[in-house]
Amino acid sequence: MAEIRDRNQPHQVQVHPQYRYDNPAGVGYGGGKNYQSSGPSMSQVLAVLTLLPVGGTLLALAGLTLAGTVIGLLLATPLFLIFSPILVPAVIAISMAVAGFLSSGAFGLTGLSSLNYVLNRVRYATGTEEMDLEQARRRMQDMAGYVGAKTKEVGQKIENKAHEGQVTTART
């Protein structure tokens, strides 16, 4: 019976406030630092003082640009209306030409990539890609040998000319 009586009585909730002794302002999280005042720091003040004129200047330039654009549009609108029988077909023709060039390039790239894919599949199926690599390796070796021989030959010609120049200056 005693249990039923305890259930019917309202429970008292005790609230214990928690105080932080490292934050003298008593607001927010101090992070263990002891701030002298709750105002902005010197670096924050300098940042605001530096960025305020920059932001104001950029805002003024944005306003001038908008005003210039509106004035230009107001001046150009009558010209657009007068020349619209010429401008509209010209814009349509130019846009169609650009679309044609772009689609032509896209179709060309697609065709080249598909031919490259088919060629690689055929090489893989016939096993000729290894021969192509060997052929390329041999060509590179031959070219390196040729360049080495040519470099040596040019060096000997320069040496001979330098020797001839010394002989002619010695005779005079």
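Listed values, structure above:
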item	result
Subset of segment 91-112 (residues that are open to solvent by 80 Å² or more (accessible area, probe 1.4 Å) and more than 32 Å from the chain's Cα centre (by Cα))	92
Residue match in segment 124-132 (condition: acidic (Asp, Glu), at pLDDT 80 or above and assigned to a helix (DSSP H, G or I))	no
Out of 119, 115, sole residue that is assigned to a helix (DSSP H, G or I) and open to solvent by 100 Å² or more (accessible area, probe 1.4 Å)	115
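The values are calculated or read from the model by the stated rules, or taken from the named source; none is laboratory data. Since the model is a prediction, treat every value here as computed from it, not as a measurement. Note: areas computed on protein heavy atoms with side chains; ligands, DNA, RNA excluded. Shrake-Rupley method; radii C 1.70, N 1.55, O 1.52, S 1.80 Å.
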